[in-house]
1. Could you tell me which numbered condition L82 fails, if it satisfies all but one of (1) at pLDDT 95 or above; (2) among the aliphatic types (A, V, I, L, M); (3) over 14 Å from the mean Cα position of the chain (by Cα)?
2. Could you grab me the full set of residues in the stretch 85-98 that are modelled with pLDDT under 85 and either among the aromatic types (F, W, Y) or within 20 Å of T36 (Cβ to Cβ) (or both)?
3. Is it true that some residue in the stretch 102-112 is in contact (Cβ under 8 Å) with a residue 60 or more places away in the chain, surrounded by 20 or more Cβ atoms within 10 Å (Cβ to Cβ), of a type in the set (A, V, I, L, M, F, W, C) and not in a strand (DSSP E or B)?
4. How many residues are surrounded by 11 or more Cβ atoms within 10 Å (Cβ to Cβ) and of a type in the set (K, R) when one looks only at the stretch 119-158?
5. Name, by its number, the condition in (1) modelled with pLDDT of 95 or more; (2) within 17 Å of Y61 (Cβ to Cβ) that does not hold for R147.
6. I want to confirm something. Restricting to the stretch 34-55 and keeping residues that are part of a loop (DSSP other than H, G, I, E, B) and touching a residue at least 24 places away in the same chain (Cβ under 8 Å), which single residue is surrounded by the fewest Cβ atoms within 10 Å (Cβ to Cβ)?
7. Return only the number of the condition from (1) in a loop (DSSP other than H, G, I, E, B); (2) modelled with pLDDT of 95 or more; (3) among the β-branched types (V, I, T) that I130 does not satisfy.
8. Of everything in the stretch 85-101 that's buried (at least 17 other Cβ atoms within 10 Å of the Cβ) and closer than 17 Å to E55 by Cα, which residue is farthest from the chain's Cα centre (by Cα)?
Amino acid sequence: MRVQRLLTLLAGTLVSAAIVSCDQTPEVVMSAPHPTALRAPRVDVHFRLADAERERIIRGYDPDALERLLARITPERRSEILSYFQIPSPEDHSRTRGQLIGLNEPELQPLLDEVWAPMWDEVKATDADIAADVFQFPGREIAARRRADRNQAPAQPE
C-alpha cells in the first residue's frame with residue numbers, strides 16, 4: 001500500500017515537472033484572451049483562507065505557508081493556485097490538476113517550498129530519501145533542516 005502510494009505521488013510529480021518545465025513564461029501566463037500576472041504587486045496582508053478552503057487542503061501541505069503564498073498572488077489567480085493543494089469538491093467536474101511544484105517567479109518559489117516541506121514527512125521519507133531527493137518534491141532543503149533541528153532538540157519530559 002505504501003509503495004503504491006509513493007509510486008502514485010512520484011508519477012504525479014514527474015508529470016507535473018514535465019508540465020512546469022515546458023512553461024518558460026517569466027511572469028505573465030496566457031489563460032484567457034488577456035494575460036494575467038501571477039505575482040501581486042504587493043502582499044495582501046488581509047488575505048486569509050476561509051475555513052471551508054482550509055478544510056479541503058490535502059494532508060501533507062502546510063496551510064499557513066499556502067496562505068502566505070496566496071497573499072502574494074494576484075486575486076484573479078488565487079483560486080487556480082489554491083486548487084492544486086485541495087481535495088476537489090464533489091461538484092468540481094474539471095480534470096485532475098496534477099501537482100504544482102515550481103513557479104517561474106523567484107520571489108514565490110521559496111514560499112512554495114514551505115508549502116511542500118511537510119510532505120516529506122507525510123510520505124515517511126527517510127533521511128536518505130531526502131538527501132537523494134527521491135520524490136523530487138519542493139521544500140527538500142527545508143524538510144532536511146527541520147528534521148535535523150528536531151533530531152538535535154533535547155527530548156521533552158513526558
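The values are calculated or read from the model by the stated rules, or taken from the named source; none is laboratory data. Everything quoted here is computed from the prediction, not taken from an experiment. Quick reminder, even Gly has a Cβ in these numbers, built from the backbone with ideal geometry, and neighbours come from all protein chains shown.
1. (3)
2. Selection gives S94, R97.
3. Looking through the stretch 102-112, at least one residue is in contact (Cβ under 8 Å) with a residue 60 or more places away in the chain, surrounded by 20 or more Cβ atoms within 10 Å (Cβ to Cβ), of a type in the set (A, V, I, L, M, F, W, C) and not in a strand (DSSP E or B).
4. 4
5. (2)
6. It comes out as V45.
7. Condition not satisfied by I130: (1).
8. So, considering only residues that are buried (at least 17 other Cβ atoms within 10 Å of the Cβ) and closer than 17 Å to E55 by Cα, the one farthest from the chain's Cα centre (by Cα) is Q86.
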